[in-house]
Every structure is written in C-alpha cells, then in structure tokens.
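Down below is the structure, laid out as structure tokens.
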Amino acid sequence: MSRSLKKGPYVDAKLMRKVLRQKASSDSSPIKTWSRRCTVVPEFVNHTFEVHNGKTFHKVFIVEDMVGHKLGEFSPTRVFRGHTGKKVKGPA
Amino acid sequence: MPRIAGIDIPNEKRAIVALQYIHGIGPAIAKRIIEATGINPATRARDLTEDETKRIAIEIEQKYTVEGALRRLVTSNVQRLKDIGCYRGMRHRKGLPARGQRTKTNSRTRKGKAKTVAVKRSVKAMR
C-alpha cells in the first residue's frame with residue numbers, strides 16, 4: 001500500500017535541514033546519511049549524498065529524474081559475485 | 001478490413017474483440033470505446049461502417065496512447081530507471097524481476113528459458 005497523500009512524502013527532517021544549510025552556504029561537499037528511507041525531493045537536486053548501504057557509503061549525485069525515489073534505491077545493499085562452478089573449463 | 005490506429009487491421013471478430021488486437025487496448029478500454037462511440041459491440045469488424053470506423057479512430061487518437069507511441073513511452077520509462085541508477089533500473093539491466101519477486105525459483109518470463117547448471121560434486125563423491 002502506498003503512503004497517504006495527506007501526509008506528503010517522507011523526508012528526513014535533519015537531512016532536509018542539512019541540505020538547506022548547504023544551499024545557503026554554497027559548499028557542495030557530499031552529505032553523509034543513513035536515511036535510506038528518505039524521499040528525494042526537488043530541493044535535493046544537484047546535491048551529492050553519501051548513502052549508507054549497511055557497510056559503506058555510496059556517492060549519489062541527485063539529478064532531476066531521481067525526484068520521488070528513495071535515497072536507498074541508489075545504494076545497493078547486496079553484491080552479486082556470481083555462482084560457484086561457473087569457471088571456464090580448464091584441462092581435466 | 002477496417003484500418004484503425006495506423007497499421008492495425010483487426011479481423012472478422014466482434015468489434016469489441018477486434019479492438020483488442022491493437023497494442024494498448026484491452027477488454028476495459030475496448031468496452032469504454034464502444035460505449036463512448038455508441039456502436040453495437042456485436043457488430044463484426046468487417047461490418048463496421050466507414051463512419052463508425054472513423055469515430056473509433058478519433059476516440060482512440062484523442063484519449064489513448066496505443067501502438068508505437070505506447071511502446072516508446074514504456075521504453076523511455078525503463079530507460080529513465082536505468083539512467084538514474086536506481087534499484088529497479090539495475091534489475092531491468094540484468095533482466096531480472098524488478099518488483100521484489102522471488103528469483104530462487106520461477107521468474108522464467110524475465111530470466112528466459114532455464115539453463116541447467118551442472119551439479120558440482122564434492123571431492124569425496126568423485127573418488
């Protein structure tokens with residue numbers, strides 16, 4: 001079920017404050033965040049975030065098309081390294 | 001045979017069914033078109049008058065995206081997901097289901113025909 005429209009998109013309040021502060025101060029260093037559930041709002045465009053994936057931070061530069069998605073969608077939490085036994089056939 | 005929505009030539013079926021041969025028109029939209037144009041749904045496609053065909057064509061053009069335009073819209077939506085590098089885009093790139101379905105089994109529509117993987121026997125079993 002999707003979120004009630006009455007509430008509006010979920011945006012991490014602290015993160016939003018950081019973004020607005022950065023907007024005022026013309027500094028563009030990446031903002032580290034753990035808030036993967038935070039929706040990308042138009043104010044985030046052209047800012048860089050470092051989104052935690054449980055282990056490391058993923059650099060994400062926000063472009064207009066990303067608005068409406070969540071930050072976590074851009075920071076994969078799983079790494080697929082391939083299945084076992086799929087090696088190239090060597091000499092028997 | 002009547003030509004509706006560009007190159008589509010629905011066949012000798014009832015109008016409401018024939019319309020569904022157009023990409024982007026299913027049972028629901030076909031019904032809506034038939035009702036909006038006031039055509040008897042039981043009329044065979046070949047028996048539609050020129051005027052009726054025209055009314056259907058205008059109705060589709062004004063209200064619905066079909067065929068090439070629809071295909072382009074879908075591809076561009078998928079391309080957008082791929083370009084922004086989000087999770088759903090990655091799933092599209094890998095040809096895996098994008099909406100959280102299981103992939104341990106099934107998902108054959110997205111993954112294609114099953115490729116049998118040889119069972120790797122343990123060293124003990126080989127002796």
Return the only residue of A:Arg37, A:Arg81 being modelled with pLDDT of 90 or more, within 14 Å of chain B (Cβ to nearest Cβ) and open to solvent by 50 Å² or more (accessible area, probe 1.4 Å). A:Arg37
Restricting to the range B:37-67, what's the tally of residues that are under 18 Å from B:Gly24 (Cβ atoms), surrounded by fewer than 12 Cβ atoms within 10 Å (Cβ to Cβ) and among the hydrophobic types (A, V, I, L, M, F, W, C)? 1
Restrict the check to the range A:57-78 and report whether at least one residue is closer than 23 Å to B:Lys82 by Cα, more than 14 Å from every other protein chain (Cβ to nearest Cβ) and under 12 Å from the mean Cα position of the chain (by Cα). yes
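A quick yes/no check of all residues on (1) modelled with pLDDT of 90 or more; (2) within 14 Å of chain A (Cβ to nearest Cβ):
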position	(1), (2)
B:Ala28	yes, no
B:Ile33	yes, no
B:Ala36	yes, no
B:Thr49	no, no
B:Glu67	no, no
B:Leu70	yes, no
B:Tyr87	yes, yes
Quick check on A:Pro9: is it out of contact with any helix residue (DSSP H, G or I) (no Cβ under 6 Å at 6 or more places or on another chain), open to solvent by less than 70 Å² (accessible area, probe 1.4 Å), away from chain B (no Cβ under 14 Å) and closer than 18 Å to B:Ile84 by Cβ? no
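The values are calculated or read from the model by the stated rules, or taken from the named source; none is laboratory data. This structure is a prediction, so every number in the text was calculated from the model and none was measured. Every residue, glycine as well, gets a Cβ built from its backbone with ideal geometry; the counts of neighbours run over all protein chains shown. Side chains included, ligands, DNA and RNA excluded: accessible areas come from the protein's heavy atoms. Shrake-Rupley method; radii C 1.70, N 1.55, O 1.52, S 1.80 Å.
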